[in-house]
Amino acid sequence: MPLINTQVDAQRHSVGSTLLLSAAIALLMFSAAQAQSETEATAGNGAGNGVEKSVFGHLPDGRQVDVYQFTNANGIELRVTNYGGIILSLKTPNVDGEFDDIALGFDSLEAYLSDEYRQANPYFGALIGRYGNRIAGGQFSLNGESYSLATNDGSNHLHGGDQGFDKVLWQAEPFESEAGTGLVLRYTSEDGEEGYPGRLETEVTYTLTDNDELMVDYRAVTDKATPINLTQHSYFNLKGEGSDTILDHQLMINAPGFTPVNDTLIPSGELRSVDGTPFDFTQLTLIGERIEQDNEQLAYGGGYDHNFVLDRDNAAADELVLAAKVWEPASGRMVEITTTEPAIQFYSGNFLNGDLTGKQGQTYGHRSGFALETQHYPDSPNQEAFPSTILEPGDTYRSRTVYRFSAQPNVDS
Ligand code: BGC
């Protein structure tokens, strides 16, 4: 059985099984198979393991963009495009075994390319690079040289710049391994691209396992020292995308501290304890419980938009530790996130304002999705005390984050 059911494979199969029939009948079946394969690739009904590939659309310069659909043994279905490595949809069961798409996003490439979307720029589901989060003033110095990056978030640089890794076409290669099925995405960012030094060869692997995990592995090498901070920017609503707010979700973040920010969301450099603050998520707590409190940090973020420093408890740098867990009581859906990263950005979707319309025709309103972005700290290239984000030539950047999906009527805090 071929791993990918491309249209070509579907046609070949169809022709093979009709060898004895007349050319006219074969031709008829030929187009039927093609039509079916096109719809199959977008409909997806969660039947069995596998990968299906279909065309998502074309970029203005004519390059083709594809969609890969993966289904695991339990019917969890993941759709990813090689444009920005974007997770388009993720269908997981609730406590009654009913599947819903829990990832915010769109059904068409045009929607991701539209001016409206680019202006709002929520980075739905995308791979973020070369540097996830903010760099103050778009400036940093490295080895005695100053570098200027795009200031695409007020006076700061955000998520890699004007054309970050979320807006480029990745080379994609599906695979099947013992761990599951998935997609390897590769992108080479040239020396000087978006102002960053060094030619960076990046590889991100998505693996959907039969243990209901989505594993994301990041790897990169460079030919000059460069900052790097790759992450995944999916927004989830565990009631199903297009539902109302995520304020009724319960969140645990395994973080004793966070990095307070100024009013442009750049860390001051302080590492502050979460004790006694609305940032204490060390036990499962309703996201909405304290979000409206009169608190300077919440005011700066318009809600939660902060970097939480994980309790890695002397874990080795390549060891996965629990970073966060989110549970939604009505559906029972839960996602647990483990990572090798030292921190996680919790963003409560404060900038969503109902301007964007999602897959079911519902608008994505204020706080209708949350993002939990595993990462190094924001503005690290300018903050000596933060763990380094500099990748040196000869070294390999490696990072892994695993999202595990489940459903249960109750949880322990
Ligand atoms: C940032 C937010 C930003 C959002 C979309 C998040 O990672 O922390 O401030 O609005 O991405 O750009």
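Taking the highest mean first, how do the peptides 166-177, 151-162 order by number of other beta carbon atoms within 10 angstrom per residue?
My ranking of the peptides, most packed first, is 151-162, 166-177.
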Q. For region 71-151, what is the accessible area per residue in Å², given a 1.4 Å probe and the full set of protein chains?
A. 34
Q.
Relative contact order of the chain, please, whole-number percent, based on alpha carbon pairs below 8 angstrom and at least 6 residues apart.
A. 15
Q) When N counts the residues of region 126-236, how does its alpha-carbon radius of gyration compare numerically with 2.2 N^0.38 Å, as a ratio? A) 1.16
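Want the number for residue 225 to residue 362: 0.36 nm per residue separation, take away the alpha-carbon distance, what's left? Don't skip to the answer; put the middle values down first.
On the way: separation 137, 0.36 × 137 = 49.32 nm, distance 4.43 nm.
44.9 nm is the gain from fully extending residue 225 to residue 362.
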Q: Could you rank the peptides 308-317, 199-208 by their average count of other C-beta atoms within 10 Å per residue, with the highest value first?
A: 199-208, 308-317
Q | Estimated FRET transfer efficiency when R0 is 41 angstrom, pair residue 388-residue 296 (beta carbons, to 0.05) | A | 0.90
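Given the rule -39500 (n - 2.57) for each run of at least 4 DSSP H residues, summed and divided by the residues of the chain, what is its mean residue ellipticity at 222 nm, to the nearest 500 deg cm²/dmol?
For the chain, the value works out to -3500 deg cm²/dmol.
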Q: Determine the share of region 52-407's accessible area contributed by carbon and sulfur atoms, expressed in whole percent, with a 1.4 angstrom probe.
A: 42
Q) According to the square roots a ≥ b ≥ c of the eigenvalues of the Cα gyration tensor, what is the shape class of region 303-372, taking rounded for a/c under 1.5, prolate for a/b larger than b/c otherwise, and oblate for the remainder? A) prolate
Q) Where a Cα-Cα gap under 20 Å defines reach, which lysines qualify for residue 325, not counting those fewer than 8 residues away within the same chain? A) 91, 239
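Ranked from the most accessible area to the least, with a 1.4 Å probe and all protein chains present, what is the order of 398, 130, 219? If you can, show how the numbers build up before the last one.
Working: 398 160, 130 5, 219 85 Å².
The most accessible residue leads, giving 398, 219, 130.
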(Q) Per-residue counts of other Cβ atoms within 10 Å, averaged by peptide: what ranking do you get for 247-260, 92-105, 282-295, highest first? (A) 247-260, 92-105, 282-295
**Q.** Cα→Cβ-extended label distance, 7 Å offset, between residue 351 and residue 314, nm
**A.** 4.1
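Within the set of other residues whose C-beta is less than 14 Å from the C-beta of residue 271, count the net charge using Lys and Arg as +1 and Asp and Glu as -1.
On the way: positive: 272, 312; negative: 270, 275, 311, 379, 384.
Net charge in that neighbourhood comes out at -3.
List the equivalent ellipsoid semi-axes of region 52-407 in whole Å, largest first, each obtained as the square root of 5λ for an eigenvalue λ of the Cα gyration tensor. Spell out each step's value before the answer.
Numbers: eigenvalues 146, 131, 81 Å².
Result for region 52-407: semi-axes of 27, 26, 20 Å.
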(Q) If you count only protein heavy atoms with a 1.4 Å probe, what accessible area per residue comes out for region 326-413, rounded to a whole Å²? (A) 38
Q.
At 7 Å along Cα-to-Cβ for each site, give me the label-to-label distance between residue 148 and residue 244 in nm.
A. 4.8
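The values are calculated or read from the model by the stated rules, or taken from the named source; none is laboratory data. Treat the numbers as computed from the prediction; the structure is a model and nothing was measured. Ideal geometry is used to build each Cβ from the backbone, glycine not excepted, and the neighbour counts take in all protein chains shown. Ligands, DNA and RNA are excluded from the accessible area calculation, which covers all protein heavy atoms including side chains. Shrake-Rupley method; radii C 1.70, N 1.55, O 1.52, S 1.80 Å.
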